[in-house]
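Colleague: Below is one structure. I have some questions about it.
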Amino acid sequence: MSLIGPRPPLPREVVLYTPHQMERLLVKGGLACICQVEGRSDMGFENWIESDIHYVKTRSLKLDAKLIAKMIGAVLMWKGAR
């Protein structure tokens, strides 16, 4: 597991994924990704999966650094999952 990357799904969720949604599994799972810093509680499942796929397709060291900074801010401001 890495610090930044899509949260690992439960096996019971993966069996329901479409082929497009399986793309989020192409990288090592992480503790936080785009949806964790953008307010996962306010995001529907489809948007959550799409944000993970967007991360997989655009990941870079710069994006990871930006997400780490946002993650620290989200933790300090109590923003995110409820």
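Colleague: Name the pairs whose Cβ atoms lie under 6 Å apart, with the first residue in region 1-20 and closer than 12 Å to CYS33 by Cβ, the second part of a loop (DSSP other than H, G, I, E, B) and among the basic types (Lys, Arg), and 6 or more positions between them or separate chains?
Modeller: SER2/LYS28; GLY5/LYS28
Colleague: Is it the case, given these coordinates, that ALA74 is among the aliphatic types (A, V, I, L, M), part of a loop (DSSP other than H, G, I, E, B) and either surrounded by 12 or more Cβ atoms within 10 Å (Cβ to Cβ) or at pLDDT below 90 (or both)?
Modeller: no
For every residue, the table says whether it meets (1) at pLDDT 90 or above; (2) closer than 16 Å to LEU3 by Cα; (3) open to solvent by 60 Å² or more (accessible area, probe 1.4 Å).
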site: VAL37; (1), (2), (3): no, yes, no
site: ARG40; (1), (2), (3): no, no, yes
site: ASP64; (1), (2), (3): yes, yes, no
site: ALA69; (1), (2), (3): yes, yes, yes
site: TRP78; (1), (2), (3): no, no, yes
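Colleague: Considering only residues that are under 17 Å from LYS66 (Cβ atoms) and not charged (D, E, K, R), which ones fall in region 21-40?
Modeller: If the condition is that a residue be under 17 Å from LYS66 (Cβ atoms) and not charged (D, E, K, R), then VAL27, GLY30, LEU31, ALA32, CYS33, ILE34, CYS35, GLN36, VAL37, GLY39 are the ones that fit.
Colleague: Something else now. Please specify each residue of region 1-22 satisfying the condition of being closer than 21 Å to LEU63 by Cβ, among the hydrophobic types (A, V, I, L, M, F, W, C) and surrounded by 10 or more Cβ atoms within 10 Å (Cβ to Cβ).
Modeller: If the condition is that a residue be closer than 21 Å to LEU63 by Cβ, among the hydrophobic types (A, V, I, L, M, F, W, C) and surrounded by 10 or more Cβ atoms within 10 Å (Cβ to Cβ), then LEU3, ILE4 are the ones that fit.
Colleague: Sticking with this one: For region 46-53, does any single residue satisfy the condition of being among the β-branched types (Val, Ile, Thr), over 18 Å from MET71 (Cβ atoms) and either more than 12 Å from the chain's Cα centre (by Cα) or open to solvent by 30 Å² or more (accessible area, probe 1.4 Å) (or both)?
Modeller: Scanning region 46-53 turns up no residue that is among the β-branched types (Val, Ile, Thr), over 18 Å from MET71 (Cβ atoms) and either more than 12 Å from the chain's Cα centre (by Cα) or open to solvent by 30 Å² or more (accessible area, probe 1.4 Å) (or both).
The values are calculated or read from the model by the stated rules, or taken from the named source; none is laboratory data. As the structure is a prediction and not an experimental result, all values here were calculated from the model. Because the Cβ atoms are built from the backbone with ideal geometry, glycine has one as well, and the counts that use them run over all protein chains shown. Only protein heavy atoms, including side chains, enter the accessible area calculation; ligands, DNA and RNA are left aside. Shrake-Rupley method; radii C 1.70, N 1.55, O 1.52, S 1.80 Å.
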